[in-house]
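This report concerns only the one structure given below.
The values are calculated or read from the model by the stated rules, or taken from the named source; none is laboratory data. Quick caveat, the model's predicted, so the values are computed rather than measured. Cβ coordinates were reconstructed from backbone atoms using ideal geometry, including for glycine residues, and neighbour counts include every protein chain displayed.
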Amino acid sequence: MAVLTALPALTAARPDGPQTAPRDAKAWSTAQAFESFFLGQVLNAMSAGLKTDGPFGGGPSEGAWRGMMNEKVGEAVAQSGGVGIADHVYQQMLKMQEETRQ
């Protein structure tokens, strides 16, 4: 649970801060979903080699539960402001939309 308590520190470290301009809701939702998925995959890669010991660790279902936890942590980080990936993806989506309109 230490990861979940560190979420405010992760989002406070963002240099650009939260965006205040109105957003296209569908594009922003897609950008946040991408960030959530990406962070979940990074956490899965980081925890792939971890061994679990102790009275409640290990077992065949450990991998499934760990994957679900990593997915939810990725969602929580993205929903609480993220690490900046969604902002960049959103800006690129808007740029691509403008290019196709011209």
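Taking interchain pairs and intrachain pairs at least six residues apart, which have beta carbon atoms under 8 angstrom, with the first residue in segment 46-67 and closer than 21 Å to Ser36 by Cα and the second of a type in the set (Ser, Thr, Tyr) and modelled with pLDDT of 70 or more?
Arg66/Ser47
If only one of Gly17, Gly49 is modelled with pLDDT of 70 or more and among the small types (Gly, Ala, Ser), which one is it?
Gly49
Which count do you get for residues in segment 76-96 that are in contact with a Leu (Cβ under 8 Å, 6 or more places away or on another chain) and assigned to a helix (DSSP H, G or I)?
Residues in segment 76-96 being in contact with a Leu (Cβ under 8 Å, 6 or more places away or on another chain) and assigned to a helix (DSSP H, G or I): 4 in total.
I want to confirm something. Restricting to segment 80-102 and keeping residues that are out of contact with any Lys or Arg (no Cβ under 8 Å at 6 or more places or on another chain) and either basic (Lys, Arg) or within 12 Å of Phe37 (Cα to Cα) (or both), which single residue is surrounded by the fewest Cβ atoms within 10 Å (Cβ to Cβ)?
Arg101
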